[in-house]
Structures are given as C-alpha cells and as structure tokens.
Amino acid sequence: MLRKSFVSSVKVLSFVTALLTLAGCSQFQWQNPFALVAPVNQPTESKSSASDPNDIDVLTNADSRNYRLLSIVTGDSCQLRLDQPPASQQQAIQSMRIDAARFGAQAIIENHCYQLPSTRHSSCYTQVSCFGKAVSRVSNN
C-alpha cells in the first residue's frame, strides 16, 4: 500500500516537473488571475532591466504588489554521472536566473526548490528542480 502511494506521488511529481519545465521553455507569460489589480495611477516600471543572470536578485518574503510578473521560470541541476558532483540547489537557482534573464527580469520571487527522487527510469542520479516568478520592479510615480 505504501509502495503504491509512493509510486503515485513520484508520478505526480514527475508530471508537475515536466509541466513546469515546458512552461519555462515557452514564450508563454502566465498572469495570476487572483493577483490584485494595479491602482488607478498605473505604476511605472523602473528603467533598468537585467541581462546578466548574476544581477538578478532571488528574493524571499517579497511583496508581489511591488513587482510586475514577466514569466514563470524554472531551473534544474542534474548529476548525470557518478563521477560528477551531486545536483545542488545553487546550480538550479543559477539556471533559473539564466531563464529569468531571457525576460529582462530584475528579480525572482516566490521561488521553491525540490530534491527530486531518483528512480530506475531517471536520467539523473541526483536532481534538484526550482521554479519561481521572474519579475520587474515597479514604482508608484
């Protein structure tokens, strides 16, 4: 019984990971239908946009009302061979920054990372997958 539950969980997690990966690779821009509408005096975007992935901030506990959503982004780290270092969250976050740079993002908010389980069908010995929201800062002028 526990084995069936675990297999079912792995299948769901694999499906969600594949879905998020495909969403990150497309030009699709997702807008949260539950996000608050901007005030009447429309905020203006700050002028600078990041093109260097290292300039993109990964923020925790950021107020999403101060940002404009550009895209959902993903990043993965995969240990393909046993003689390679294990997958790391830092590599997955850097991969997510590279994805966010394609959209001219200044920051990534509401990011989550997961250590994915290895199965006999996995191509990675260890794998970490992250996703978050690529955003640009807005200022109320």
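Within the group 130, 124, which residue is outside any loop (DSSP other than H, G, I, E, B) and either surrounded by 21 or more Cβ atoms within 10 Å (Cβ to Cβ) or not small (Gly, Ala, Ser) (or both)?
Going through 130, 124 in turn, the sole match is 130.
Quick test for you: out of 6, 34, 15, 28, pick the one residue that is in a loop (DSSP other than H, G, I, E, B) and either farther than 30 Å from residue 124 by Cα or at pLDDT 60 or above (or both).
None of the others qualify; the one that does is 34.
Is there a residue being farther than 20 Å from residue 136 by Cβ, among the hydrophobic types (A, V, I, L, M, F, W, C) and at pLDDT below 95 anywhere in the stretch 88-107?
Scanning the stretch 88-107, I find no residue that is farther than 20 Å from residue 136 by Cβ, among the hydrophobic types (A, V, I, L, M, F, W, C) and at pLDDT below 95, so the answer is no.
If you take the residues in the stretch 74-87 that are surrounded by 15 or more Cβ atoms within 10 Å (Cβ to Cβ) and more than 9 Å from residue 126 (Cβ to Cβ), which one is nearest to the chain's Cα centre (by Cα)?
The qualifying residue nearest to the chain's Cα centre (by Cα) is 74.
Looking at (1) part of a strand (DSSP E or B); (2) under 15 Å from the mean Cα position of the chain (by Cα); (3) not hydrophobic (A, V, I, L, M, F, W, C), which one does residue 90 not meet, given that it meets all the others?
(1)
If you take the residues of the stretch 108-141 that are modelled with pLDDT of 95 or more and more than 16 Å from residue 59 (Cβ to Cβ), which of them is farthest from the chain's Cα centre (by Cα)?
My answer is 126.
The values are calculated or read from the model by the stated rules, or taken from the named source; none is laboratory data. Owing to the predicted nature of the structure, the values given are computational and were not obtained by experimental measurement. When we count neighbours, we look across all protein chains shown, and the Cβ atoms used for this are built from the backbone with ideal geometry, even at glycine.
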